[in-house]
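Just below is one structure, and these are the notes that go with it.
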Amino acid sequence: MNFLKNKSILLGVTGGIAAYKTPGLIRGLKEKGIAVKVVLTENATRFVSPLVISILSDGIFTSLWEEGIPHINLSEEASLLCIVPADYNIMGKAASGVADDLLSTVIPAYDGKILFFPSMNSKMYENPILQKNIDILRGLGHIVIEPDEGPLACKGEGKGRLPDIDRIILEMEKALAPDLLKGTYCLITGGATTERIDPIRYITNRSSGKMAYSLARYCYLNGAKTELIVGVNALDCNRYLPINVIRVETARKMQEEILKRWDEVNYLFMNAAVADFTVQKKDKKIKKKKELTLKLKENIDILADLKSKKGSQFVIGFALETEDLLDSAKKKMKDKGVDLMVANRESAIGDDYTSGFLISRYEEEPFQCSKDELSWKIIKRIRS
Ligand SMILES: Cc1cc2nc3c(=O)[nH]c(=O)nc-3n(C[C@H](O)[C@H](O)[C@H](O)COP(=O)(O)O)c2cc1C
C-alpha cells in the first residue's frame, strides 16, 4: 500500500457539461483505494445522475439542510477537497466568499488546499473576471489546473475542456502525496538501449520501461524535479506525466545525456537495461545469406564509469540475473559504487509485478509486489 492508504476525497461537482464524466473519475479513484464522497450542486444533478453517483461513491450529498451540519462534517473528514468540473459560477463564489448552497459552504469550512478543475466555454474561461478569480484562489494557496484545449461541447474549439480522467487522478494523487522528494532532482533511466548492426537492424533486450515510468511517476508525485531517459522502444507507459522524457538509442547516447545533467542530480535511478555488447556496425544493409556471424564487443559500462565522477549523488542501481541473483547484485553494487541495489528476476521484464531483493549496505529485504509498490518502497528507503 502507498501514501493513498486511508485517504478520502470530497468531490464537489458543479453544473458544467463535463459533470457527465464524474462517474468514470469516481471509479478510477475507488480503484486506487481512495474513499470518495460527493457533493453535487442542484444544477449538477441536471448533467449527471445522482443515482449513478450514489452507487459508485461512498456517499452523495446535495443539500445544506440534511441531518446534522453536513458542510462542517464533510469538510472535517476529507483528506482533500476537489471541484470537478469547477464551473464559472463556483470559481466566482469561492474567490469572493459566497456560501449559498452545500458546496459553496463546504469550501470556506475546509481548511486545506483545494484542487479546482475549471471547465467551460473558452470565452467564459478567458473572461477577465474568471482569470482574476483564478489568481485570487491561487494566491490563497489553492491549486487551479489549466483546462485542455480542443473541441468543446458547446461546439467550436478552444481552451476549456476538462482534462482526461487519468490526468485528473494524477493531480489528485500529487496533492495527497507527502512530498518526500521536494527540492530534489531525480534522473531516471529505463527501457532498453539498442546497438545498430547495419542501417536497418539492431540488437537490444526485452526491457519495457514500465519500472522506469513507475519510478518517474512516484518521483513526480513526491515533488521532485523529474526527468526520464528511456530507450527508443520503451512503452509510453504514462502519457499524462508532465515531465521531460528523453529518448535515446545507444548506451553511449544515454551516457551523454546523463553526464549533461550529472552535476545537478540528487538521485540517479539507473534502471535502464543497457546493452552489454556493441556490434561492429556495417554502413550498408547486410544482404540475406544462409549464415551470418556478428562480432560483438563489450559495451561501455555507464554505472562503472560514473563511479569516479561521484560526488553527493545517490545512485540506485538495478540488476537482473537468471542465476546467483543475490551474489551477483551485491558484487555489482560494490564494484560500481551503487548506494542502493534492486536485484530483480527475469519474470519482471514487461510485467506490472516484480520480485527480488532491495539491498543496502546493511540489509537485504526481499520483495514481491507491483512495480508501483516497489517505487514507493525505494523512495521511502532513500528518504528515511
Ligand atoms: C446546457 C448547459 C451547459 C452548461 N455548461 C457549463 C459549463 O460547461 N461550464 C460552466 O462554467 N457553466 C456551464 N453552464 C452554466 C451553469 O450551469 C450555470 O452557471 C449554473 O448557474 C451553475 O450552477 P452551479 O455552479 O450551482 O452548479 C451550462 C449551462 C447550461 C444550460
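Data for the structure
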| item | result |
| --- | --- |
| Relative exposure of 62, 14, judged by other C-beta atoms within 10 Å (fewest first) | 62, 14 |
| Lone cysteines, the chain (no partner Cβ under 4.7 Å) | 82, 154, 237, 369 |
| Pair residue 280, residue 297: separation of 7 Å Cα→Cβ label points (nm) | 0.9 |
| Spin-label pair residue 236/residue 69, simplified geometry with 7 Å Cα→Cβ offset, distance in nm | 5.1 |
| Beta bridge orientation in segment 201-355: antiparallel %, DSSP, nearest 5 | 20 |
| Relative pair counts by distance (%), Cα atoms of the chain, 20 Å bins | 25, 45, 26, 4, 0 |
| Charge dipole (debye, nearest 20) of segment 278-324; +1 at Cβ of Lys and Arg, -1 at Cβ of Asp and Glu | 760 |
| Electrostatic dipole magnitude of segment 8-176 [Cβ: Lys, Arg +1; Asp, Glu -1; Cα centre; debye, to 20] | 360 |
| Computed helical MRE - 222 nm, the chain, DSSP H runs ≥ 4 contributing -39500 (n - 2.57), nearest 500 | -9000 deg cm²/dmol |
| Fewest-first ranking of 376, 65, using other Cβ atoms within 10 Å as the exposure measure | 65, 376 |
| Average projected area [Cα convex hull, segment 8-176], square nanometres | 8.8 |
| Folded to 0 to 90 degrees: helix 210-221 orientation relative to the chain principal axis, Cα | 40 |
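Bear in mind these aren't lab numbers, they're just calculated from the coordinates by the rules spelled out. Owing to the predicted nature of the structure, the values given are computational and were not obtained by experimental measurement. Every residue, glycine among them, receives a Cβ derived from its backbone with ideal geometry; neighbour counts consider all protein chains shown.
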